[in-house]
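First up is the structure itself, then whatever we jot down about it.
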Amino acid sequence: MIVKPKIRGFICTTAHPDGCAAHVQEQIDYVKSKPALDNGPKNVLVIGSSTGYGLASRIVPAFQSGANTLGIFFEKPGSEKRPGSAGWYNSAAFEKAATAQGLFAKSLNGDAFSNELKEQAIEIIKNEMGGKIDLVVYSLASPRRTDPNTGEVYKSVLKTTGGDYTNKTLNTDKGEIEEVTIGAATPEEIEHTIKVMGGEDWEFWMNALVEADVLDNGVKTVAYSYIGPELTWPIYTDGTIGQAKKDLEKSCAKINATLSEKFGGEAYVSVNKALVTQASSAIPVVPLYISILYKEMKEKGLHEGCIEQIERLFSDRLYSDDAKLDSDGRIRIDDWEMRDDIQSTVANIWQTVSNENFSTVADFEGYQAEFLKLFGFGLDGVNYDADTDPATAVPSLAE
Ligand code: NAD
């Protein structure tokens, strides 16, 4: 099958198997160009491991620290007739590369919020990973969650928690700046967003792993958050998603207490940089901010993608002598994004950005290229006019 991009709003409904494999290989090559992480993790569970920050968090321990990995995701396999999702092909490519390197790599495709998935993961850790893991990365981004105990379905919303908020946004389909007004969430919508994107499920995972006795001494766990500049606070940090992230921090403190008492372990929230991923492209205002930010950071030689961020998180924070926590106890790998010189320039540009000057003050080309890459399009060395196999399997899931 010849697979071409089909973009609908802020998602692409097709993905290219060979392009996704090339994208994964690019990230592996980057990690291999860095010094090995001698004190890094050896047996890793990544929840949300197929795209974005989670995929990078699987690649870094595997290829920088020789770790065995169990990856969990919710992706669509391809068939002879229809391409699958990018995360599916990324995981297929990751497993092949890791196995070729002699590393254990297995995946579970299903609902990470369910009790069944947790039980299946524990079985694999016990039977195939030597019984103990030393790192758990929690990197889920989901619009809904079914409570595993009550069966109730919760949906997250991207709204403010105050009044209406109007600002500039980028229509990524048309490449045009428009005005958007985001309404206020009801108390119920705030509560539901916390249920989906807050810390409860991370706690459920960690409690299940503690109870099953599959955590190693010195175990670490990390989940990801975002803060960003004041101009996005009404929709992000002070919005519904920000409330969920505050809840994640509360869960982090509880998990940290348990891990430190029982295993001498540690739990962290890492605040990461704003990047083009499937999750972030759905948030109003953020893609315009990212386009301006990318231009500034590239010009100053500070630009990073998911793999550079996570490589730096592991080598400079999680597995260094000093995690350099902020006053709220969080890791700040968004430090370069938040530098005063970057933020003041971005804030100035934000005031004046318009459809007339957009192409000179922002990096929309870079944004679009990154977006297409998420789905395996636009990678060097891939022949997009040639047949590719949409039924490409994830080896450990091919039965
Ligand atoms: P992403 O959309 O690229 O990845 C989400 C992952 O979650 C995928 O592996 C997907 O398969 C998995 N997933 C979703 N629902 C699932 C389910 N029910 N069961 C199993 N797996 C499921 O997202 P991302 O941008 O990499 O976000 C990951 C985390 O990083 C989120 O917590 C996000 O808030 C945070 N973060 C993102 C940014 C950013 O700019 N993208 C910045 C800072 C922090």
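The values are calculated or read from the model by the stated rules, or taken from the named source; none is laboratory data. Remember, predicted model here, so these are calculated numbers, not experimental data. Note that each Cβ is placed from the backbone with ideal geometry, even for glycine, and that neighbours are counted across all protein chains shown. With ligands, DNA and RNA removed, areas are computed over all heavy atoms of the protein, side chains included. Shrake-Rupley method; radii C 1.70, N 1.55, O 1.52, S 1.80 Å.
Which residue, Val269, Ile11, Gly130, has the largest displacement toward the positive end of the dipole of the chain when charges sit on each Cβ (Lys, Arg +1; Asp, Glu -1)? Most positive-ward Cα: Gly130. Using the 1.4 Å probe convention, the accessible area of region 249-349 works out to 38 Å² per residue with neighbouring protein chains retained. Rounded to whole numbers, the Karplus 3J(HN,Hα) couplings from phi for region 158-170 are 10, 9, 7, 10, x, x, 4, 10, 10, 7, 6, 9, 10 Hz, using 6.51 cos²θ - 1.76 cosθ + 1.60 with θ = phi - 60°, and x at Gly and Pro. Taking Gly48, Gly183, Gly71 as the candidate residues, the one with maximal mean-square fluctuation in a Gaussian network model of the chain, Cα springs under 10 Å, is Gly183. In straight-distance terms, cross-link reach from Lys81 covers every one of the lysines whose alpha-carbon lies under 21 Å from its own, apart from those fewer than eight places away in the same chain; here that gives Lys4, Lys6. Here's the list of lysines a cross-link from Lys42 could span, going by alpha-carbon distance under 19 Å and ignoring same-chain residues fewer than 8 apart: Lys32, Lys34, Lys96, Lys106, Lys126, Lys132, Lys220. Shape class of region 182-245 from the Cα gyration tensor (axes a ≥ b ≥ c, square roots of the eigenvalues): oblate, since a/c reaches 1.5 or more and a/b does not exceed b/c. The helix-only estimate of mean residue ellipticity at 222 nm for the chain, built from DSSP H runs of length n ≥ 4 each weighted as -39500 (n - 2.57), is -12500 deg cm²/dmol after division by the residue total.
Among the lysines of region 251-307, pairs that are 8 or more positions apart or on different chains and have alpha carbons within less than 19 Å of each other number 4. For region 6-109, the solvent-accessible area of protein heavy atoms averages 37 Å² per residue (probe radius 1.4 Å; ligands and nucleic acids excluded). Remark: the Cα gyration tensor places the chain in the rounded category, a/c being less than 1.5.
Full extension of the segment from Arg82 to Glu176, taken as 0.36 nm per residue of separation minus the current Cα-Cα distance, would add 30.7 nm.
In terms of the Cα gyration tensor, with a ≥ b ≥ c the square roots of its eigenvalues, is region 4-150 rounded because a/c is under 1.5, prolate because a/b exceeds b/c, or oblate? Oblate shape, in that a/c is at least 1.5 and b/c is the bigger or equal ratio.
Here region 274-326 exposes an accessible surface that is 47 percent carbon and sulfur, computed with a 1.4 Å probe and the other protein chains kept in place.
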